[in-house]
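Trainee: Let me begin by handing over the structure; questions about it come next.
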Amino acid sequence: MCLMTMNIAEAQDTFKLTVINPSKTIRQNAPIIYQLNGDTRSALVMQDGKEIPCQLDDLDGDGRYDELCFLTTLGKKEKQTFSISLSNEGAPRTYQPQVYVEMMLTNKKIKETNKQDLYISELRVDRGVNPYWMIHHHGAAFESDMVAYRIYFDHRQTVDIYGKYRKGFELKQTQFYPDAEQKAAGFGDDILWVGETFGLGTLRGWDGDKPTMIADVEHRSQRIVSRGPLRTIVEVKDEGWTPQNGQQPIDMTTYYILYAGHRDCQVDVRFSRPATDYKFSTGIINVKNSNEFSDNNGLRGCWGTDWPVSEKDSAGHKRETVGLGICIPKANILSELPANKDNYGYVIIVPNNRLTYSIVFGSDNESFGYHSADAWYEFLRNWKKEIEQPLKVISNT
């Protein structure tokens, strides 16, 4: 995923933007993100005289848009020019959705797990309240046409995954729980059992010996920040979190960002103050019968096969073969932990108040994906190269 952030002066209405691919790799659906200053209410992005989709996002919920986003695909060493127009009047333009996100309360009057109807955008709970069973599919769920994720709304905050056979959108119909008829028609399903492991890249505390859950918090919340059309953003907030006994509480806000046409998800963690006195942990689950890949420099993956639920609940399911991956900046890694029965893990440090890393997965069920450990690990290597070679963006104001 290639990200480039720029500042736009408040007084500026229209300007040209040049985007350059510095690599010899085609960059598919590469996101361009702009930090907005001022009171932008609508935006227009043009390329070669044609309008292309864009979106405006209010990350902090203060009623003002913070970021402008659009996607582009560039060939090897290609250069493109865009015209950006910002206005403090009107409303964001509407485009065909290329992503989907949902969050809902469990409606006990409806027995079907794929026909729930109490849609919400946000829920905040106090200490001692476990919303895990209050929320359908246990937390917010979101998808591109390739993959789907969900974030458990409890002390684990585990990232779980839903794999597909074909490209397309499914969550609105299956709600993460396809029925027998939908499975027979080729819909995907939950493909990973996570338990209390890291799942796919969940951030946890670290007590010097093992990961710790995000349990000691004053308030916990999930919020849908953006529903698209080009990216979904889900915010998970832990206010007054005490990672270890004797430490001062700290607020942690995590944004999970999924772009159209992507299988990888960006994890952007922001703390209320510098987190230099804390240690954290993350990684990926050690899938049963998996083999491991690591470049010993922040990129780690596995490929394996296991039941996607506990074996006692395996009726109606089959064993699933998955590839998992995580890419963490080297500066944030204190140590890469040896594999144990649960995880391929890391101990993480945050020299300031922000941590950004990426997670990704693939399912062997996919008609469009990867079907061996070697192919998956080659994808991971190329994925890291894209992350480390961002597009060059030049503003011609």
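Trainee: Are there GluC sites (Glu not before Pro) in the stretch 170-265 that DSSP puts in a loop and that have at most 16 other Cβ atoms within 10 Å, and which ones?
Mentor: 196, 218
Trainee: Taking amide H positions as placed in the peptide plane 1.01 Å from N, state which residues far from residue 353 in sequence (5 or more) or on other chains have amide H under 5 Å from it.
Mentor: Under 5 Å from the amide H of residue 353 lie the amide H atoms of 275, each far enough along the sequence or on another chain.
Trainee: Let me spell out the model: positive unit charges on the Cβ of Lys and Arg, negative unit charges on the Cβ of Asp and Glu, origin at the Cα centre of the stretch 255-397. What dipole size does that give, in debye rounded to 20?
Mentor: On the way: 16 positive and 17 negative charges, 93 e Å.
The calculated dipole for the stretch 255-397 is roughly 440 debye.
Trainee: Separate question: Please work out whether the stretch 250-297 counts as rounded, prolate or oblate from its C-alpha gyration tensor, where a ≥ b ≥ c are the square roots of the eigenvalues and a/c under 1.5 means rounded, while otherwise a/b larger than b/c means prolate and anything else oblate?
Mentor: Because a/c hits 1.5 or more and a/b fails to exceed b/c, the stretch 250-297 counts as oblate.
Trainee: Hey, another quick one. Show the residues, 5+ positions off or on another chain, whose built amide H is closer than 5 Å to the amide H of residue 219.
Mentor: Close amide H contacts, sequence-distant or interchain: 239.
Trainee: Once the other residues with Cβ under 12 Å from the Cβ of residue 305 are scored (Lys, Arg +1; Asp, Glu -1), what is the net sum?
Mentor: In short, 0.
Trainee: Using the Cβ atoms and a cut-off under 12 Å, what net charge is assigned to the surroundings of residue 25, where Lys and Arg are +1 and Asp and Glu are -1?
Mentor: Its environment carries a net charge of +4.
Trainee: For the chain, set up a Gaussian network in which alpha carbons nearer than 10 Å are linked by springs, and say which option among 162, 256, 65 fluctuates the most.
Mentor: 65
Trainee: What percent does the relative contact order of the chain come to when contacts are Cα pairs within less than 8 Å and at least six residues apart?
Mentor: Working: 1034 pairs, mean separation 63.3, N = 397.
Computed value for the chain: 16 percent relative contact order.
Trainee: Another one. Kindly identify the chain as rounded, prolate or oblate by the Cα gyration tensor criterion: order the square roots of the eigenvalues as a ≥ b ≥ c, call it rounded if a/c is under 1.5, otherwise compare a/b with b/c, prolate if a/b is larger, else oblate. Don't skip to the end; give the middle numbers.
Mentor: Values: a/c = 1.34, a/b = 1.29, b/c = 1.03.
Note, shape of the chain comes out rounded.
Trainee: Which value, in Å² rounded to 10, gives the accessible area of residue 137 with a 1.4 Å probe and all protein chains present?
Mentor: 0 Å²
Trainee: Which entries in 164/288; 79/385; 111/167 show an alpha-carbon gap greater than 24 Å?
Mentor: Exceeds cut-off: 111/167.
Trainee: For the chain, what does the helix formula give at 222 nm: sum of -39500 (n - 2.57) over DSSP H segments with n ≥ 4, over the residue count, nearest 500 deg cm²/dmol?
Mentor: -1500 deg cm²/dmol
Trainee: Using a 1.4 angstrom probe on the protein heavy atoms only, could you order 366, 51, 336 from most to least accessible area? Walk me through the intermediate numbers first.
Mentor: Numbers: 366 0, 51 90, 336 60 Å².
Per-residue accessible area, sorted high to low, gives 51, 336, 366.
Trainee: Provide the per-residue ³J(HN,Hα) series for the stretch 274-282, in order, calculated from phi with Karplus coefficients 6.51, -1.76, 1.60 and θ = phi - 60°, each as a whole number of Hz, with x at glycine and proline positions.
Mentor: Per residue, the Karplus-derived 3J(HN,Hα) values read x, 9, 5, 8, 10, 10, 10, 8, 7 Hz.
Trainee: Once the other residues with Cβ under 12 Å from the Cβ of residue 109 are scored (Lys, Arg +1; Asp, Glu -1), what is the net sum? Before the final figure, lay out each step's value.
Mentor: Working: positive: 108, 111, 115; negative: 112, 117.
Neighbour charge sum, excluding residue 109 itself: +1.
Trainee: Right, another one. Once amide H atoms are placed 1.01 Å from N in the peptide plane, what residues at a sequence separation of 5 or more from residue 36, or on another chain, have their amide H within under 5 Å of its amide H?
Mentor: Correct list: 67, 68.
Trainee: Could you state the number of Å between the C-alpha centres of the stretch 114-134 and the stretch 336-397?
Mentor: Between the Cα centres of the stretch 336-397 and the stretch 114-134 lies a distance of 30 Å.
Trainee: Now for a different question. Using the Cα centre of the stretch 342-397 as origin and beta-carbon charges of +1 (Lys, Arg) and -1 (Asp, Glu), tell me which of 362, 346, 372 is placed farthest towards the positive end of the dipole.
Mentor: 346
Trainee: Going from most exposed to least, what order do 165, 95 have by accessible area with a 1.4 Å probe?
Mentor: Numbers: 165 85, 95 50 Å².
Ranked list, largest accessible area first: 165, 95.
Trainee: To continue, here is another question. For the stretch 79-214, which whole percent of the accessible surface, found with a 1.4 angstrom probe, sits on carbon and sulfur atoms?
Mentor: 52 percent
Trainee: Direction-averaged shadow area of the convex hull around the Cα atoms of the stretch 47-119, nm²?
Mentor: Details: hull surface 34.4 nm².
With the hull built on Cα positions only, its mean projection is 8.6 nm².
Trainee: What accessible area per residue, rounded to a whole number of Å², is obtained for the stretch 23-136 using a probe radius of 1.4 Å?
Mentor: Per residue, the stretch 23-136 has 55 Å² of solvent-accessible surface.
Trainee: A further question on this structure: Can you tell me which aspartates and glutamates have their Cα less than 15 Å from the Cα of residue 172? Leave out same-chain residues fewer than eight positions away.
Mentor: Output for residue 172: 102, 112, 117, 143, 145, 189, 190.
Trainee: On to the next question. Roughly how much of residue 79 is accessible, in Å² to the nearest 10, using a 1.4 Å probe?
Mentor: Surface accessible to solvent at residue 79 totals approximately 140 Å².
Trainee: Next question. When a/c reaches 1.5 or more, the comparison of a/b and b/c decides; with that in mind, is the stretch 188-290 rounded, prolate or oblate per its Cα gyration tensor?
Mentor: Oblate, because a/c is 1.5 or more while a/b does not exceed b/c.
Trainee: When the chain is treated as a GNM, springs tying every alpha-carbon pair under 10 Å, which of 154, 268, 277 comes out with the largest mean-square fluctuation?
Mentor: So, out of 154, 268, 277, the one fluctuating most is 277.
Trainee: With θ taken as phi - 60° and the coefficients 6.51, -1.76 and 1.60, list the Karplus ³J(HN,Hα) couplings across the stretch 105-112 in order, rounded to whole Hz; mark glycine and proline as x.
Mentor: 7, 6, 9, 5, 6, 10, 7, 5
Trainee: While we're on this one: Can you work out ³J(HN,Hα) from phi for every residue in the stretch 180-192, in order, using Karplus 6.51 cos²θ - 1.76 cosθ + 1.60 and θ = phi - 60°, giving whole Hz and x for Gly and Pro?
Mentor: Along the stretch 180-192, the couplings run 4, 5, 5, 4, 5, 7, x, 6, x, 6, 4, 10, 9 Hz.
Trainee: I've got another one for you. Specify the angular offset, from 0 to 90 degrees and rounded to the nearest 10, of the alpha carbon long axis of helix 373-388 from the longest principal axis of the alpha carbons in the chain.
Mentor: So the helix axis and the longest Cα principal axis differ by about 40 degrees.
The values are calculated or read from the model by the stated rules, or taken from the named source; none is laboratory data. Source: prediction; values computed, not measured. Every residue, glycine as well, gets a Cβ built from its backbone with ideal geometry; the counts of neighbours run over all protein chains shown. Protein only, heavy atoms only, side chains kept; ligands, DNA and RNA dropped before computing areas. Shrake-Rupley method; radii C 1.70, N 1.55, O 1.52, S 1.80 Å.
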